[in-house]
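Report on the structure given below.
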Amino acid sequence: MIIQLQRIPPGENHFLVPRLSQDEPGVVLVDATWGTLQPMQVAEGVQTIGEVELLAHLEKGWPVIDSRTADFFLTSTIPSAQNIPYPEAEARIDELDRERPSVFFCNGPQCGQSPTAIHALLEAGFPADKILYYRGGLHDWLTLGLPVVPGR
């Protein structure tokens, strides 16, 4: 038996980044109807990580790259993240650390911004083993109650 699954279609007022409920403290509103689901493995040689690994990465002070556009970054981002918007990734390749891996993230599992940046970097010759992909992005980060800060 074959089962066909379809995603819920986007609503009229969809939003890309989860937000706190105005009515219920501690409740996060999530719109999961936008975008295109991204694969778990973004590219050969690039490791996908979860929140525990990202927290350990942050504790070491290693680089985290928010590949979303500046308007999203300035609103909120993961603490200590640097903004390199996905269309600028290849042009800003020299800003990346070649000694320690950088974690790339965007809006969430249905956002293609980090995968686009990662593919551009790989095509430009950046080593895959120096790229980590946090597929959950700000979507999962916020829904798990992890902290964000305004970008600077």
Revision key, fill the gap. A56 vs (1) assigned to a loop (DSSP other than H, G, I, E, B); (2) at pLDDT 95 or above; (3) over 14 Å from the mean Cα position of the chain (by Cα): all pass except (1)
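Matching residues to (1) aliphatic (A, V, I, L, M); (2) surrounded by 14 or more Cβ atoms within 10 Å (Cβ to Cβ); (3) over 12 Å from the mean Cα position of the chain (by Cα):
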{"site": "W34", "(1), (2), (3)": "no, yes, yes"}
{"site": "G61", "(1), (2), (3)": "no, no, yes"}
{"site": "D94", "(1), (2), (3)": "no, no, yes"}
{"site": "D97", "(1), (2), (3)": "no, no, yes"}
{"site": "V103", "(1), (2), (3)": "yes, yes, no"}
{"site": "T116", "(1), (2), (3)": "no, yes, no"}
Practice item. Scan the stretch 71-89 residue by residue and report those that are surrounded by fewer than 16 Cβ atoms within 10 Å (Cβ to Cβ) and either over 17 Å from R152 (Cβ atoms) or basic (K, R) (or both). Key: P87
Point to revise | Hits in the stretch 16-32 - residues which are part of a loop (DSSP other than H, G, I, E, B), surrounded by fewer than 13 Cβ atoms within 10 Å (Cβ to Cβ) and of a type in the set (A, V, I, L, M, F, W, C) | key: V27
**Study point:** Residue that is surrounded by the most Cβ atoms within 10 Å (Cβ to Cβ), among those in the stretch 1-15 that are among the hydrophobic types (A, V, I, L, M, F, W, C) and more than 17 Å from G137 (Cβ to Cβ)
**Key:** I8
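The values are calculated or read from the model by the stated rules, or taken from the named source; none is laboratory data. As the structure is a prediction and not an experimental result, all values here were calculated from the model. Glycine gets a Cβ as well: all are built from the backbone with ideal geometry, and neighbour counts include every protein chain shown.
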